[in-house]
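To start, the structure itself, in structure tokens.
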Amino acid sequence: MTVQQEFRVVGSRPVRPDGVDKVTGRALYGADFNMQDQIYGHILRSPHAHARIKNIDCSRARAMEGVLAVMTGEDLQEPGSRVLGSGEGAIALRDLTPMVMAQGKVLFHSQPVAAVAATSPELAALAAEAIEVTFDVLPVVTELHAALAEGAPILHEDRFPDGQPKEPTNLATHISAQVGEPDAAFAEADVIVERTYSVPMCHQGYIEPHACVARVDGTGQVDLWCSTQGHFTVRGYTAALTGLDEGNIRVTPSEIGGGFGGKTTVYLEPIAVILAGKSGRPVKMVMDRGDVFRATGPAPGAETRVKLGATRDGRLVAADVECLMDSGAYNGNPAGFPAFLATACYKLSHARSVGRSVYTNKPKIHAYRAPSMPQVTLAFELVVNELAAELNMDPIDFRLLNAVEEGDSNMLAARYKRIGLRECLEAARTHAHYRSPVAENGGRGVAMGYWINAGLQSSATLNVSADGHVAVLTGSPDIGGSRASMALMAAEVLGIPLDHIHPQVVATDAIGHCDVTGGSRTTLATGQAVIQAAEQLVAEMCRRAAGEWDVGVEAVTWSEGAAHSDQGCLTFEALAARAGSMGGPLTVSSSLTASSAAPAFAVHICDATVDKETGRTTITRYTAIQDAGKAIHPDYVEGQMQGGVVQGIGWALNEEYLYDDQGALQNPGFLDYRIPVASDLPLIDTVIIEVPNPLHPFGVRGVGEVPIVPPMPAVAEAVFHSAGVRVARLPLNPPRMVAALTGDDDLV
Amino acid sequence: MSVSMNKLPVRTTINGEPRIFLAAPGQVLADALRDELQLTGTKIGCNTGDCGACSILLNERLVCSCLVLAVEAEGQSLQTVEGIAEDGVLHPIQQKLLEHGGLQCGVCTPGVVVAAKALLDANPDPTEEEARYWLAGNLCRCTGYDKIIRAVLDAAATMREGDTP
């Protein structure tokens, strides 16, 4: 593939097309939409974290005036053994359905048990309380090692590790991978460092709670409006859970108020559809913030042991990685990626990696930005830093000696094409931040990270109006400025003014299938569909001009938004105006499964100072360097980098799910689950490296995910250098740092 | 708790226009703005005063409208995000958020716009630190705040230049 290098508008920073609506409050998010004559749904949630449901008596709720529908888990389709394909992988219904509503047993606190729809939200809440549920309460386990211990309460008595029916355990998955002969290779090492680090369960923390409105009309057609990262996924999941035909469901995506992976599934939607079907009225549902924390899928907590060996001249010779991850109540398969990708930044011919995940009485984990990669990278990068220190080598020089480049493979056996990791490291080494002296009492940490990035399915349609404007339709919800990148790419190919391009995200029946906005894939894959469609439109324009001039199409060229030949010039606007007499309306579509996904790499530098009296850590300077391939709209590439960094800082320093011994979340709100606020942070400096992806026409790589991978080790390393102690458990919050500084091991 | 159908009339001025609406005694102002007046620019992220997405000005004072009862607005003057632009002309903070890419998903943006306007009304020349502390009640999970802070400081500079005769 020829990768375009020179651009007319790509790489510029125009105001995003949806921007004015979003700064004036006009943009409609999940909870901002209402349907005529709608009623309101409310979910009854379990007060227990582990219990059998003996009986559900809905008679009192049903009898209340204004209550129009009641449902329980039995109204969902029996999960059976069915597996659904989805954007970022497959999911078994037995792991999906009970997250929407319990199937006979509750496995985490606040799991949905029943739901009602009534004429007001207050009445619906009262009616839900009137449902009487008899529970047989069971012992609870929330901690990873306790869940694996002998005699632990078993969450799934019908599930066996490796599919071998023996005694059931809470082991959800167990996978391993190996390249070379790591045991023999460690014998060649001059220096070996082995450490174990753990990270708590945390939440994506999107500001907009889940919300939807559903309507079932007289012919059985379902209209569903919701906030989601993927409305085609919502359609498929909702069909599977309700038993309705997918073709009868139309899902219209609202604007989405953050997701970070957390909105790539369904929670409310199948419930709203069933209640709407039962009541004959549209049903609106909005999730409470506490329930977002308690009962949607957080990111797994994890414990990772990393052993690395190197020769005295700084070559890594062997790696041994073992990761134990929290799956929550159902199988979220969190341990796959770390097992295969832990070593992905390094040339390592000998490595072993083991990933295990464990069932606990907590909500099933779900995707959060580069799922599972930050947890394992924390341990890996901190051990790399210790090795470099033992060898008296600069941590960036050590990484440059060992960094992967074109032709190297990772443990998924994927051979890298042209990648930009070395360029990122070189940029870090020469950056003013890295060359500046470290503040007195402060510390500096360096870490790097990798993410695989996704391609998957995307579609785009371009409709041309008679005045030469172009509607660019896709099915990829715009979570962070992707309308702007779609418009820039279309304008680049078509050669017409940017403000003649009108990007829209449209409903499931108005565009070909699009997988979720996730996996760093939207600008990459959906953008490629837009580029292809625009190229088709240019080809059609040239064909029509050739007909007009009575010349062969090979005699026509396209530039500056016009067809040219020795017969003259026909502009895009002129061809659009005469479309009716030159072959009919101008509309083109492109659908593809993108194979252009390219690995993303980033290098981060963090300066931090720990107040040794209070244990509080202040991030004083931060620089993120990342290979974007090509930044279509640099503002939004930088924004992804800065946002990912700050999420990683929050995870490193503060964010943590805290459960009591009965499995109730103790901090289900933004006051006690404290995400970073503006006054916690410095400006986040960014450097975009552009090593074009050879598989993409514009050289694009995904950018959204890798920025959250290096921050935890970069922060932890800086904290170590400031405080003088290494702490094996994150977050590095004030109590833990004070305990570490005073030698109180119980808290560390 | 019982469901009261007895709603009270509330007379207010919202974004310069007289508005009368009905509110249940326990209804918070954020819900009333959104559900009774269809002013859905005011977002609800937490309903506990922690996220700032529902920020409005109540008699020019910055408040979380999820922490104010709707009936408390009786006789008061409110400004919501819908009233920040005047006659279709964006306020400098709105314009600068757009120019700096100071929003990604945009759901915190209405609250940021209202809070930043209140800051610039109170302090036309804030330092970066003052801007960060003023906006510490407005959670943003997408941007890391960098471009928001740059936009606020740039808007302040623009407004100061505009004030110079």
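Each value in this text was obtained by applying a stated rule to the coordinates, not by laboratory testing. Keep in mind the model is a prediction, meaning the values are calculated, not measured. Cβ: placed from backbone, ideal geometry, glycine included. Neighbour counts: every protein chain shown.
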Checklist entry - Expressed as a rounded percentage, what relative contact order does chain B have, with Cα pairs under 8 Å and six or more residues apart? => result 22 percent
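Under the definition of partner shielding as Cβ atoms of other protein chains within 10 Å of a residue Cβ, what is the mean value for peptide A:663-670?
Working: counts 0, 0, 0, 0, 0, 0, 6, 8.
Average per residue, whole number: 2.
Would you please put A:8-20, A:372-384 in order of how densely packed they are, using the mean number of other Cβ atoms within 10 angstrom per residue and starting with the highest?
Working: A:8-20: 19.1, A:372-384: 28.6.
For the peptides A:8-20, A:372-384, the packing ranking is A:372-384, A:8-20.
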Checklist outcome for this item: For A:Thr228, the residues 5 or more places away or on another chain with a placed amide H closer than 5 Å to its own amide H are A:Ser254
Next on the checklist: What are the ³J(HN,Hα) couplings of the stretch A:264-277, residue after residue, when phi is run through the Karplus curve with 6.51, -1.76, 1.60 and θ = phi - 60°? Round to Hz, x for glycine and proline.
Outcome noted: 9, 9, 10, 10, 8, 4, x, 5, 4, 5, 5, 5, 5, x
Checklist outcome for this item: Rounded to the nearest 10, the angle in degrees between the Cα long axis of helix B:146-163 and the longest principal axis of the Cα atoms of chain B comes to 80 degrees
Checklist entry - Fully extended, how many nm does the chain gain between A:Asn34 and A:Thr2 (0.36 nm per residue separation, minus their Cα-Cα distance)? => result 6.7 nm
Next on the checklist: Counting only helical runs of four or more DSSP H residues, what would the 222 nm mean residue ellipticity of chain B come to if each run contributes -39,500 (n - 2.57) and the total is spread over all its residues?
Outcome noted: -9000 deg cm²/dmol
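Just from its helices, what would the mean residue ellipticity at 222 nm be for chain A, if runs of 4 or more DSSP H residues each count -39500 (n - 2.57) and the sum is divided by every residue, rounded to the nearest 500 deg cm²/dmol?
Values: 20 runs with 198 residues, N = 748.
So the calculated ellipticity at 222 nm is -7500 deg cm²/dmol.
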Next on the checklist: I'd like the distance between the alpha-carbon centres of the stretch A:494-557 and the stretch A:572-645, rounded to an integer number of Å.
Outcome noted: 20 Å
Checklist entry - Expressed as a whole number of Å, what is the distance separating the alpha-carbon centroids of the stretch A:190-229 and the stretch A:677-699? => result 24 Å
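Could you give the size of the charge dipole of the protein assembly as shown about its Cα centre, using +1 on the Cβ of each K and R and -1 on the Cβ of each D and E, expressed in debye and rounded to the nearest 20?
Details: 70 positive and 106 negative charges, 179 e Å.
About 860 debye.
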Item to check | GluC sites (Glu not before Pro) within the stretch A:400-501: DSSP coil, no more than 16 neighbouring Cβ in 10 Å | outcome: A:Glu405, A:Glu406, A:Glu440
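Filter the cross-link list A:Lys630/B:Lys96; A:Lys263/A:Lys630; A:Lys166/A:Lys362; A:Lys54/A:Lys263; A:Lys263/B:Lys147; A:Lys22/B:Lys7 down to pairs whose alpha-carbon distance in this structure exceeds 29 Å.
A:Lys54/A:Lys263; A:Lys22/B:Lys7
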Checklist entry - Going by the alpha-carbon gyration tensor, a ≥ b ≥ c the square roots of its eigenvalues, is the stretch A:153-260 rounded (a/c under 1.5) or, if a/c is not under 1.5, prolate (a/b greater than b/c) versus oblate? => result prolate
Checklist entry - Hey, what do the phi angles of the stretch B:24-39 turn into as Karplus ³J(HN,Hα) couplings, whole Hz, using 6.51/-1.76/1.60 and θ = phi - 60°, x for Gly and Pro? => result 6, x, x, 6, 7, 4, 4, 5, 5, 4, 6, 8, 8, 10, 6, 8
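Give the peptides A:557-566, A:198-207, B:111-120, A:639-648 in descending order of average Cβ contacts within 10 Å, highest first. Please report the intermediate quantities before stating the final value.
Numbers: A:557-566: 15.7, A:198-207: 23.9, B:111-120: 25.9, A:639-648: 29.0.
Per-residue mean Cβ counts within 10 Å order the peptides as A:639-648, B:111-120, A:198-207, A:557-566.
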Item to check | Relative contact order [Cα under 8 Å, 6+ residues apart], the stretch A:354-447, whole percent | outcome: 20 percent
Checklist entry - Cα centroids of the stretch B:83-123 and the stretch B:124-165: how far apart, whole angstrom? => result 10 Å
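So which GluC sites (Glu not before Pro) in the stretch A:54-112 pass both tests, a DSSP loop state and at most 13 other Cβ atoms within 10 Å of the Cβ?
On the way: sites: A:Glu65, A:Glu74, A:Glu88; in loops: A:Glu65, A:Glu88.
Sites meeting the loop and neighbour criteria: A:Glu65.
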Checklist outcome for this item: Mean Cβ-within-10 Å packing, highest first, puts peptides A:257-270, A:447-460, B:75-88, A:671-684 in the order A:257-270, A:447-460, A:671-684, B:75-88
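Once you average over the residues of B:31-38, how many Cβ atoms of partner chains fall within 10 Å of each Cβ?
Values: counts 1, 0, 0, 3, 2, 0, 0, 2.
Mean shielding by partner chains, rounded to a whole number: 1.
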Item to check | Helix B:109-122 axis, angle to chain B major axis (alpha carbon atoms, nearest 10°) | outcome: 70 degrees
Checklist entry - Taking H as built 1.01 Å from N, whose amide H comes closer than 5 Å to the amide H of B:Ala53, not counting residues under 5 places away? => result B:Gly45, B:Leu139
Next on the checklist: Show me, for the stretch A:634-639, the HN-Hα J-couplings you get by feeding each phi into the Karplus relation (A = 6.51, B = -1.76, C = 1.60, θ = phi - 60°), rounded to Hz, glycine and proline as x.
Outcome noted: x, 4, 7, 6, 4, x
Checklist outcome for this item: For A:Thr620, other-chain or 5+-apart residues with amide H closer than 5 Å (H placed, Pro excluded) are A:Asp607, A:Ala608, A:Thr609
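Find how much the distance from A:Gln666 to A:Asn392 grows on full extension, using 0.36 nm per residue of separation minus their present alpha carbon separation; answer in nm with one decimal. Mind dumping the intermediate values first?
Values: separation 274, 0.36 × 274 = 98.64 nm, distance 4.43 nm.
Fully extending the segment from A:Gln666 to A:Asn392 adds 94.2 nm.
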Item to check | Averaged over B:93-101, number of beta-carbon atoms from partner chains that fall within 10 Å | outcome: 5
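In the stretch A:605-635, which trypsin sites (Lys or Arg not before Pro) fall in coil by DSSP and have 12 or fewer other Cβ atoms within 10 Å? Please list the in-between numbers first.
Numbers: sites: A:Lys612, A:Arg616, A:Arg621, A:Lys630; in loops: A:Lys612, A:Arg616, A:Lys630.
Here no trypsin sites (Lys or Arg not before Pro) fit, given the DSSP loop and packing criteria.
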